[in-house]
């Protein structure tokens, strides 16, 4: 194996696939990046057995071949090299890769590519192609809600459903729920209902970046996996087995109190309150006050800490219904307010012991439910 490539291309490719490298594994090869030549140039791959990423970069192939190199060593080394041409030359007998760039010459011990797990590929045959310009926004609106512990594996993922022309993402962790949807530019009879690990979708969002290109999706015949293709990058991940909770029953179709606020102002108030709520389980109180005259409606956000002190903010609002006082985990509020995406947000509830439902005003493609906290008074 002997190839030449630009420093910029190799660094970019390693930055993409490096996020799939296993941080801890009993298999040393999972800490490596697979380098192999093909008709497209140089292919870089990494996997932790749950998620794999493959990236193709332009390169001049002098001799074909493949091997795996320690990811951390290679990434750190490339980061120190000058931004010039990099020459890679593999000694197959000793499995040693010579990495030369300008006046720098390095040798890295490799592991034979036959030991690297085989990653499924789409072979340019896709089950579905979607062109959703706000796909990254949709992912950002739900992934933070997914559970981080494995006590209920299905809650560590995002339920992704595609039904005709509608794409829906849903995530929940037992304390909150987020659901977003979007219309697809093309409609067919394809039906998909799977649970994708939240981490894999977060990586897909990073890969997409600000691009609005077509995202191709395929599910290998063997089942249990899904593959996303964006330009010269493929992401494959294991699907989570199980049944996602029926979240529709958590979305009330009516409310006793609805309050509309400036998203920016309520977010700022929650961020300030969070500073004082750290020692009290992040509990903050929202006091919704319906004024007797127009323009007198307010929402007071307050937090108290025996160690730190207290905080209170009062913001203008438009209240429909009764005055009410509710307590929520302020981290949950700030996280959802950051992704609302509209100037105003509506908070709906049926009582202080009922969930709070947050919706962007003027859009019906996103909803989040946050369970209340019970604070002793």
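Taken as a whole, the structure leaves residue 338 outside the set of residues that are without any contact (Cβ under 8 Å) to a residue 60 or more places away in the chain and under 30 Å from the mean Cα position of the chain (by Cα). The residue list 74, 88, 119, 69 contains one member that is assigned to a strand (DSSP E or B) and within 30 Å of residue 226 (Cβ to Cβ), which is 69. When the residues of the range 133-154 are filtered to those that are closer than 16 Å to residue 241 by Cβ and touching a residue at least 60 places away in the same chain (Cβ under 8 Å), which remaining residue is surrounded by the fewest Cβ atoms within 10 Å (Cβ to Cβ)? Per the criteria, the residue is 153. Criterion applied to 268, 306, 317, 272 was being in the same structural domain as residue 257 (by TED's automatic domain parsing), more than 20 Å from residue 357 (Cα to Cα) and at pLDDT 95 or above, and the one residue passing it is 272.
Scanning the range 155-174 for residues that are in contact with a helix residue (DSSP H, G or I) (Cβ under 7 Å, 6 or more places away or on another chain) and buried (at least 16 other Cβ atoms within 10 Å of the Cβ) yields 156, 157, 158, 169, 170, 171, 172, 173. Here the condition is being assigned by TED's automatic domain parsing to the domain that holds residue 194, touching a residue at least 60 places away in the same chain (Cβ under 8 Å) and outside any helix (DSSP H, G or I); of 243, 285, it holds for 243 alone. How about the range 273-294: which of its residues are closer than 20 Å to residue 256 by Cα and surrounded by fewer than 18 Cβ atoms within 10 Å (Cβ to Cβ)? 287, 289, 290, 291, 292, 293, 294 - these are the residues of the range 273-294 that are closer than 20 Å to residue 256 by Cα and surrounded by fewer than 18 Cβ atoms within 10 Å (Cβ to Cβ). Residues in the range 230-240 that are in a loop (DSSP other than H, G, I, E, B) and modelled with pLDDT under 95: 231, 232. May I ask you to verify whether residue 323 is at pLDDT 95 or above, over 28 Å from residue 137 (Cβ atoms) and in contact with a strand residue (DSSP E or B) (Cβ under 6 Å, 6 or more places away or on another chain)? So residue 323 does not fit the description; no.
The values are calculated or read from the model by the stated rules, or taken from the named source; none is laboratory data. Predicted model only: the values in this text are computed from it and were never measured. Glycine gets a Cβ as well: all are built from the backbone with ideal geometry, and neighbour counts include every protein chain shown.
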